[in-house]
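Asker: Encoded as structure tokens, here's the structure I'll be asking about.
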Amino acid sequence: MPLDRFGFLMKAMLLLSISVEAAYADSLEAALVKAAPDANAKVIALAVRASQCSLAQGAAPAQRLAVIDYSLPSTEQRLWVFDLKQRKLLFHELVAHGRNSGENMAVQFSNQNESNATSLGLYRTASSYNGQNGYSLRMEGLEPGFNDRAFDRAIVIHGAPYVSRDLARANGRIGRSLGCPAVRPAIAHKLIDSMKEGQLLFSYYPDRQWLKSSSFINCDKSTVADVSKPTDGY
């Protein structure tokens with residue numbers, strides 16, 4: 001085969017592969033938006049983009065994706081966990097933020113040790129364990145400067161009695177953690193089992209610096225431009 005024809009075929013195959021991946025990401029986004037009609041579609045789009053960018057950077061594919069929208073108050077169910085293979089919603093739950101991130105609304109975020117604040121960005125989960133807060137799930141923060149100290153800070157998913165609809169009604173907010181995305185004890189074990197060993201968690205807030213700097217939502221600026229603009233609160 002002539003070299004110029006071989007080169008043309010290779011380029012065509014590469015373009016086809018890119019278009020197939022883009023179509024998959026678009027269809028996945030649409031499926032997750034449909035599965036979680038209460039979620040903000042722009043946040044879901046960013047989470048899907050981040051998961052696709054992690055693949056482009058050589059990470060192993062995840063089977064589940066958790067999305068936390070910290071632009072919502074703690075009294076609302078702002079955690080969604082999706083099965084990416086079956087493209088369905090597994091959990092829609094309350095989730096705590098760090099005590100130094102705010103009261104009912106999270107407004108401040110930190111990657112610093114002992115900050116007692118929530119961190120933004122993409123995480124990959126590790127192993128489960130039994131610790132001070134019972135059955136818990138370790139996570140690795142993947143974004144330098146935003147959440148890459150999460151493992152050392154012991155930022156984990158765990159159950160906590162202060163994550164409660166009754167407390168939300170009584171106090172105008174649920175309880176706050178030391179930075180962990182704590183959930184209701186009744187669903188903690190099942191949720192952790194669904195999310196352990198290499199799954200992804202996307203922690204969102206319309207923070208301009210993070211939206212501009214994150215390599216996971218900016219690996220293809222033309223694709224994420226519409227959803228990363230700080231308009232309409234984003």
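The values are calculated or read from the model by the stated rules, or taken from the named source; none is laboratory data. All values reported here derive from a predicted model rather than from experimental measurement. Glycine also receives a Cβ, built like all others from the backbone with ideal geometry; neighbour counts cover every protein chain displayed. These accessible areas exclude ligands, DNA and RNA; they are computed on the full protein's heavy atoms, side chains included. Shrake-Rupley method; radii C 1.70, N 1.55, O 1.52, S 1.80 Å.
Asker: In terms of the Cα gyration tensor, with a ≥ b ≥ c the square roots of its eigenvalues, is the range 29-221 rounded because a/c is under 1.5, prolate because a/b exceeds b/c, or oblate?
Answerer: Rounded, since a/c falls under 1.5.
Asker: Something else now. Which sequence of 42, 34, 190 reflects their accessible areas, 1.4 Å probe, from the largest down?
Answerer: Highest to lowest solvent-accessible surface, that is 34, 190, 42.
Asker: Roll a 1.4 Å probe over the protein heavy atoms and report the accessible area of residue 92 in Å², nearest 10.
Answerer: 50
Asker: OK, next. Please list, in chain and number order, the residues 5+ apart from residue 91 or on another chain whose amide H is under 5 Å from its amide H, with Hs placed from the backbone.
Answerer: For residue 91, the qualifying residues are 81.
Asker: Related question: Check which residues have an amide H placed less than 5 Å from residue 139's amide H, if you skip close sequence neighbours.
Answerer: 126
Asker: When the Karplus curve 6.51 cos²θ - 1.76 cosθ + 1.60 is applied with θ = phi - 60°, which whole-Hz ³J(HN,Hα) does each residue of the range 179-184 get, with x for Gly and Pro?
Answerer: Working through the residues one at a time gives x, 7, x, 6, 10, 4 Hz.
Asker: Would you check the accessible area of residue 54, probe 1.4 Å, heavy atoms only, in square angstrom rounded to 10?
Answerer: 10
Asker: Measuring from label point to label point, each 7 Å out along Cα→Cβ, what is the residue 41 to residue 76 span in nm?
Answerer: Roughly 1.7 nm, to one decimal.
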